């Protein structure tokens with residue numbers, strides 16, 4: 001065989017694996033659509049992302065994984081989940097299907113020093129945690145698919161820039177309503193409230209509702225009184241969870257003329273992560289402005 005043809009054949013063999021890596025999307029499984037959105041933003045069309053929980057009305061604390069979800073996790077190259085007991089079913093699935101080549105990202109582990117003292121699991125409402133998750137995803141994608149290193153790096157920069165806009169909105173709202181006091185039925189929005197420098201009333205009530213336990217009568221009475229006495233400028237509630245006690249508190253707030261804002265635990269279909277945060281902040285800002293007559 002002529003040397004020129006031999007060289008072409010050798011190069012073809014050497015480049016074949018790289019070509020395959022470039023055309024086969026990396027399989028990513030996220031426990032929730034929130035982390036799936038972040039993974040998609042970083043990986044672009046070089047990843048195939050599946051969210052186990054996509055229904056915006058699902059309760060992650062009560063979620064039970066299906067055999068189909070277990071199969072997805074078993075074959076995934078990268079798995080992303082929240083941690084801190086928020087989606088413990090994912091931890092159990094990972095333990096049940098060990099895979100040496102699989103990379104796992106637990107957002108709570110990356111959050112580290114940012115975790116609030118009450119160990120609120122809703123770390124996805126802190127843009128700094130999202131940045132750490134996105135950075136880790138970019139590193140894993142680059143290691144697995146070095147041909148698209150520049151794409152992943154550019155996507156990370158674009159995502160960070162979008163979060164800069166969210167942080168600017170946080171700063172503006174905090175400046176407009178410094179040290180605002182509010183009430184919440186659950187600590188879903190807790191990390192964002194902390195970033196705003198606001199005060200959230202009824203911590204015990206919120207934790208009881210989140211954990212599915214009945215608050216003591218005195219706790220309920222104190223929470224209700226804070227609404228009737230207008231000690232809270234607004235009420236934040238979880239739109240994905242409806243129960244008689246939280247419905248009652250919303251009715252008390254409405255009767256007292258206190259604006260209320262519903263927030264979600266997941267990025268809804270068709271929306272990206274930064275837009276989701278912007279949307280939530282805008283709704284809270286409108287309620288805060290209304291409460292202060294702006």
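Read-outs throughout are calculated quantities, based only on the coordinates presented, and are distinct from any laboratory measurement. Every value quoted in this text rests on a predicted model; they were computed, and no experiment measured them. Neighbour counts run over all protein chains shown; Cβ positions are idealised from the backbone, glycine included.
Please report the relative contact order for segment 176-294, taking Cα pairs under 8 Å with a sequence separation of at least 6, and give it as a percent rounded to a whole number. Value for segment 176-294: 25 percent. The value of relative contact order for segment 3-163, using C-alpha pairs under 8 Å at least six residues apart, is 24 percent. Classify segment 177-263 as rounded, prolate or oblate from the Cα gyration tensor: take a ≥ b ≥ c as the square roots of its eigenvalues, call it rounded if a/c is under 1.5, otherwise prolate when a/b beats b/c and oblate if not. Rounded, because the longest to shortest axis ratio a/c is under 1.5.
Separation of segment 30-84 and segment 250-274, taken as the distance between their Cα centroids, equals 23 angstrom. Checking the a/c ratio against 1.5 first, then a/b against b/c, what shape does the Cα gyration tensor give for segment 66-134? In terms of gyration-tensor shape, prolate.
Mark the label point 7 Å from the Cα of residue 99 along Cα→Cβ and return the residues of segment 28-69 whose backbone N is within less than 15 Å of it. The answer is 28-31, 47-52, 67-69, whose backbone nitrogens lie closer than 15 Å to the label point. So how much slack lies between residue 27 and residue 279, counting 0.36 nm per residue of separation and subtracting their Cα-Cα distance, in nm? Full extension of this stretch gives 87.8 nm more. Each of 147, 234, 201 was scored by other Cβ atoms within 10 Å of its Cβ. Listed from fewest to most, they are 147, 201, 234. The residues 277, 26, 245, when put in order of fewest to most other Cβ atoms within 10 Å, stand as 245, 26, 277. Take every Cα pair under 8 Å whose residues are at least 6 apart in sequence, average their separation, divide by the length of the chain, and the relative contact order is 17 percent. When the chain is modelled as a GNM with alpha-carbon springs shorter than 10 Å, which of 184, 96, 31 fluctuates the most? In this elastic network of the chain, the residue with the biggest mean-square fluctuation among 184, 96, 31 is 96. Label-to-label distance, residue 161 versus residue 213, with points set 7 angstrom from Cα along the beta-carbon direction: 4.8 nm. If you sort the three axes of the alpha carbon gyration tensor as a ≥ b ≥ c, you get a/c of 1.5 or more for the chain and a/b above b/c, which makes it prolate.
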